[in-house]
1. Where residues in the range 483-496 are of a type outside the set (S, T, N, Q) and either outside any loop (DSSP other than H, G, I, E, B) or within 11 Å of I472 (Cβ to Cβ) (or both), which of them is modelled with the lowest pLDDT?
2. Here are some conditions: (1) in contact (Cβ under 8 Å) with a residue 12 or more places away in the chain; (2) surrounded by 14 or more Cβ atoms within 10 Å (Cβ to Cβ). F14 meets all but one. Which one does it not meet?
3. Can you find a residue that is touching a helix residue (DSSP H, G or I) at 6+ places or on another chain (Cβ under 9 Å) and modelled with pLDDT under 80 anywhere in the range 409-421?
4. Residue by residue through the range 97-132, note down the ones that are within 24 Å of D6 (Cβ to Cβ), aliphatic (A, V, I, L, M) and at pLDDT 75 or above.
5. Would you point out which residue out of M581, M573 is over 26 Å from P411 (Cα atoms), modelled with pLDDT under 85 and surrounded by 14 or more Cβ atoms within 10 Å (Cβ to Cβ)?
6. With the condition being within 13 Å of L8 (Cβ to Cβ), I'd like the strands (runs of 3 or more DSSP E) fully within the range 25-80 carrying at least 2 qualifying residues.
7. Select from the range 18-35 the residues that are surrounded by 15 or more Cβ atoms within 10 Å (Cβ to Cβ) and at pLDDT below 85 and list them in ascending order.
8. With T337, T333 as the choices, which residue is in contact (Cβ under 8 Å) with a residue 12 or more places away in the chain, polar (S, T, N, Q) and surrounded by fewer than 22 Cβ atoms within 10 Å (Cβ to Cβ)?
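The values are calculated or read from the model by the stated rules, or taken from the named source; none is laboratory data. All values reported here derive from a predicted model rather than from experimental measurement. Heads up, the Cβs are rebuilt from the backbone with ideal geometry, glycines too, and the neighbour counts pull from every protein chain shown.
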Amino acid sequence: MKDFQDLLASIPIFSFLGRAETAAVEQLFVESTHQKGDIICRQGDEGSTFHVILDGELDVLAGERVVSILKRGDFFGEMALLQGGKRTASVIANRRVKLMTLDRTSFNGLFMKNPKALEYFTRVLCRRLASTSSGETTRGSSMVITVGSRNHSLKGKTLVASALAGVLHDLTKANVIIVRVRASEHAPTGDILELLSNSQWSDELASRLIRTDSEGVSLVEVTGRRGLDTSVYEEKASNVVSKLSQKFQFIVFDLGMDPQGLMDAVPTFSDVFVEIVDQAGLPHNGLPEGAKIKRFRLLNTYNRGSYGTSISSCEPFVLPRDGALTHTESATTYLRTNKGTDAALPIQRLARKILGASVGVALGGGAAFGIAHLGVLKVLEANGIPIDLVAGCSQGSIIGVGYAAGIGVEPMIEMAMSLGKRENSLLAVDLTLTKPGLLAGNRFINIFSPLLGEKNTFEDLSIPCRTVATDIESGERVSIGHGRLTTAFRASASVPMVFAPVRIGKSVLVDGGVADPVPAEVVNEMGADMCIAVNVVPPLKRGIENAVSKTVRQLNRFNPLSYIGDSDGMPNMFDVIMNAMQILQYELGNFKAASADVLINPDLSDFTWVEYYRSQELIERGVEAAQAAMPSINRAIKEKLGPWMKRA
């Protein structure tokens, strides 16, 4: 096999062999093929073989941690043979792999009496030990992503593949290539045939086949015949991946050609499958059952028969209608350069989710304290921190829903400043005698509903969002992600005894702060890989008095009943309720936020729950706290994206 002889000649430990000797050595090796997920050897087993990788990729694991990734031309198994001990690591195929294997007798005869080979093995062992001791993962692997659908009539595969490739390049600065697969009635010839074969890759072939655009994304177009056996597609696609992975960190297959056999082959050469669907509620059905591959669904609303779904979880990713998406090439540029548009947001989120770096924000409750969330969001935006998901409680739910509806931070700040004026402090008051609360809550909805613009339900949102309420009859946390947005935030902000509860279905709901003041767990359940939690509720501080307390105290001087018994000097009912909630939410909120990657606690101890008229100061405190947290946030994001950033 000429290809294997060329491969051996390129490996330093075989450099002492001449051409004739290399041909003779080849006869000592045994070729084998292994599928994705196959265990080649286990840590702790006796080692009796030496392997050279002819094609594919392997993960090397110490325990459950991947410490290295091996590719074509790499070798393993020599340590156990040299030391006469057990395997020091497990090796698993992370996609289809071809190995050339040498038994112990042949290995000893070939290397044990060769000083140059032993010296080289020693250097390799030292490098591997140093890497393992430092805890670093040598990521030499490429990620292979396939975009396709079982339903051949569904549109959007090429647009999603192209836009996704561009966003991956923008996020990581790594080399990205799109493999555009199209059907042909004829067998491939020439350069395409060579690309599909197991021959060695060359720069000359690459220059003839690959085009790179001005935005840094490369493209190769491949034709394939329909009606071939799945094993043929597995072989050809794996050969393409093996060649391209030598230069490209991300390989995105655009399956415009969708024969049964090619779709069945996807798990053998891909790490991620993005399935274009027309209904969000359907299970994944694009691949064989049991396939070991990450799967994500994308609902393209341009397809006939497709309809929207509640935007309340990371998945499905919903591509909304946008006139700029009519032509694929210009649409790709549009989606990359207009990151904040409704059409671009799901592609951005999909790319970060594939990288394990999607960001969710949990906004805690706290009446007027919650205005500080606007300062936090302002800093996150100014520093380019993406917000892929948001969950909110009470006042945090109002701001979270507004943000998810696409209302910018600055318009929300302007609204907070307007509503916070002292003359507007009684706008939310609508007393009721027929409901279990002092206020009916209808005016509350009227005040905050303008935040939503034309967005009325969760189906209209720009990014996934949920609000959190408490079932007053069971004590359970209720995560709301369906229905009308005004109902969702009204239920989440129903402070017991102040606002009347809200009934949704069979549940009677009150303020989410009773059960979960800072819904970091909800953000994680929604699918975020990283959570930034904000607990704006401070601990109580003796001597801090709000305007309501002061007014009630002054009026009580003229109330003869206030001097009866022990009522003189006692706090009013509102203070008792709100202070009790504040104590609960501060302690429980920090506890509930324990699962967050970063917790932000603005210093609001000299504010009170009713002081909406101090909105500017509250926002400034949020800004200060978020700025102080930025090093931790950047560090957390770097840890998520770091393994995928462009290799030097």
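1. The residue in question is P496.
2. (1)
3. Taking every residue of the range 409-421 in turn, at least one turns out to be touching a helix residue (DSSP H, G or I) at 6+ places or on another chain (Cβ under 9 Å) and modelled with pLDDT under 80.
4. Hits for the range 97-132 are V97, L99, M100, L102, L110.
5. M581 is the lone residue from the list that is over 26 Å from P411 (Cα atoms), modelled with pLDDT under 85 and surrounded by 14 or more Cβ atoms within 10 Å (Cβ to Cβ).
6. Filter on the range 25-80 gives 49-55.
7. T22, A23, V25, E26
8. Of the residues listed, the single one that is in contact (Cβ under 8 Å) with a residue 12 or more places away in the chain, polar (S, T, N, Q) and surrounded by fewer than 22 Cβ atoms within 10 Å (Cβ to Cβ) is T333.
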